[in-house]
Amino acid sequence: MINKTLIKSMLVTGGLISLIFTGPAFALPTSQALSYTCAGCHGTNGASRGSAIPSLAGLSKDYLVEAMQAYKEDERNPTIMNRIAKGYGDKEFELMGDFFSSQPVHQNKEQKYDPKKAKAGKKLHNKYCSSCHAEGGTVSDDEAGLLAGNAALFMKYSLEDFHDGSRDMPKKMKKKIKKMLKRDKDAFDNLVNYYSKGE
């Protein structure tokens, strides 16, 4: 005859094993908890203070999810993000997107810029970029991302990646960049100064 204590022990052990494999241990973290994994580089709540790493706060959910998927699939020029993104799944990307898109838009207004170049950049923006990057690049709820007040070096390298083919860009953007650089060989530098100024 099996001892009652042994039976109770087996039931408790079975319950614990069941809890481990089906309970909270395998639940997805909250969107806020996932955001903490980004804070070391992108700032608290996605508000970056540096000139190299972009802010995530206030960007559209679709833009954020697509960016993370592109990094995971090595469709964006390799950075540390390619390796980081491989550690997450689509559901976690969605949760991150939920969190960062709900934060107030952050512009880094502490960046230095050249006022003369920023003035030239504004003209270039209005002529070549404004149809997609509305209101001086301040609109963050579309698929184009935020430009005004974003990290200057990030924007500089992103433009270079688009131009040299390291990163895919829409056909329309490709045509505009070609025309813009034909008109002004320093267009990227001028644009970066304009966006660094913020609005």
request  = Could you work out the relative contact order of segment 104-183, using alpha carbon pairs under 8 angstrom and six or more residues apart, expressed as a whole percent?
outcome  = 27
task = On the full set of protein chains, 1.4 Å probe, figure out the accessible area of T44 and give it in Å² to the nearest 10.
result = 110
ask   = What do you reckon, how do C41, C129 stack up by accessible area (1.4 Å probe), largest on top?
value = C41, C129
task = Would you check the accessible area of E66, probe 1.4 Å, heavy atoms only, in square angstrom rounded to 10?
result = 90
ask   = Just L181, L56, L34 to compare: in a GNM of the chain, with alpha carbon springs under 10 Å, which one fluctuates most?
value = L181
request  = Work out how much length K185 to A70 would gain on full extension: take 0.36 nm times their residue separation and subtract the Cα-Cα distance, in nm to one decimal.
outcome  = 38.5 nm
ask   = When the chain is fully extended, how far beyond the present Cα-Cα distance does T37 get from E135, taking 0.36 nm per residue of separation?
value = 32.1 nm
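Based on DSSP H runs of at least 4 residues, each adding -39500 (n - 2.57), what is the mean residue ellipticity at 222 nm of the chain after dividing by all its residues, to the nearest 500 deg cm²/dmol?
On the way: 10 runs with 112 residues, N = 199.
Roughly -17000 deg cm²/dmol at 222 nm, from the helical runs in the chain.
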task = Could you point to the label whose value was computed as Kirkwood radius over Cα pairs in Å for the structure here, given [x] 18.9; [y] 16.6; [z] 17.1?
result = [x]
task = Relative to the longest principal axis of the C-alpha atoms of the chain, give the angle of the C-alpha long axis of helix 61-72, reported between 0 and 90° and rounded to the nearest 10°.
result = 80
request  = Would you list, by chain and number, the lysines whose Cα falls below 21 Å from the Cα of K174, excluding same-chain residues fewer than 8 positions away?
outcome  = K122, K123, K127, K156, K182, K185
message = Rounded to the nearest percent, how much of the accessible area of segment 104-199 (1.4 Å probe, protein heavy atoms only) is carbon and sulfur?
response = 52
inquiry  = Rounding to the nearest 10 and keeping the result within 0 to 90°, find how far the Cα-based axis of helix 187-197 lies from the longest principal axis of the chain.
reply    = 60
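Which trypsin sites (Lys or Arg not before Pro) in segment 59-114 sit in a loop by DSSP (not H, G, I, E or B) and have at most 16 other Cβ atoms within 10 Å of their own Cβ? Write out the running numbers ahead of the final one.
On the way: sites: K61, K72, R76, R83, K86, K91, K109, K112; in loops: R76, K86, K109, K112.
Within segment 59-114, the qualifying trypsin sites (Lys or Arg not before Pro) (loop, at most 16 other Cβ atoms within 10 Å) are K86, K109, K112.
What FRET efficiency comes out for the pair K91/K112, r = Cβ-Cβ distance, R0 = 35 Å, nearest 0.05? List each step's numbers first, then the result.
Details: r = 40 Å, r/R0 = 1.14.
Computed FRET efficiency for K91 and K112 comes out at 0.30.
Relative contact order of segment 124-167: what whole-number percent is it, with Cα pairs under 8 angstrom and at least 6 residues apart? Don't skip to the answer; put the middle values down first.
Working: 23 pairs, mean separation 9.2, N = 44.
It rounds to 21 percent for segment 124-167.
May I ask you to give the solvent-accessible area per residue for segment 53-172, in square angstrom, as obtained with a 1.4 angstrom probe? Don't jump to the answer; show the numbers that get you there.
On the way: 6600 Å² over 120 residues.
Here the per-residue accessible area is 55 Å².
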inquiry  = Explain nothing, just the number: relative contact order of the chain, from Cα pairs under 8 Å at least 6 residues apart, as a whole percent.
reply    = 24
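Want the number for E160 to T44: 0.36 nm per residue separation, take away the alpha-carbon distance, what's left?
39.0 nm
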key: Degrees between helix 4-22 axis and first principal axis of the chain (Cα, 0 to 90, nearest 10)   = 10
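The values are calculated or read from the model by the stated rules, or taken from the named source; none is laboratory data. If you're wondering where the values come from, they're calculated on a predicted model, not measured in any experiment. For neighbour counting, all protein chains shown are included, and Cβ atoms are generated from backbone atoms with ideal geometry for every residue, glycine included. We work out accessible area using only protein heavy atoms, side chains counted, and drop any ligands, DNA or RNA first. Shrake-Rupley method; radii C 1.70, N 1.55, O 1.52, S 1.80 Å.
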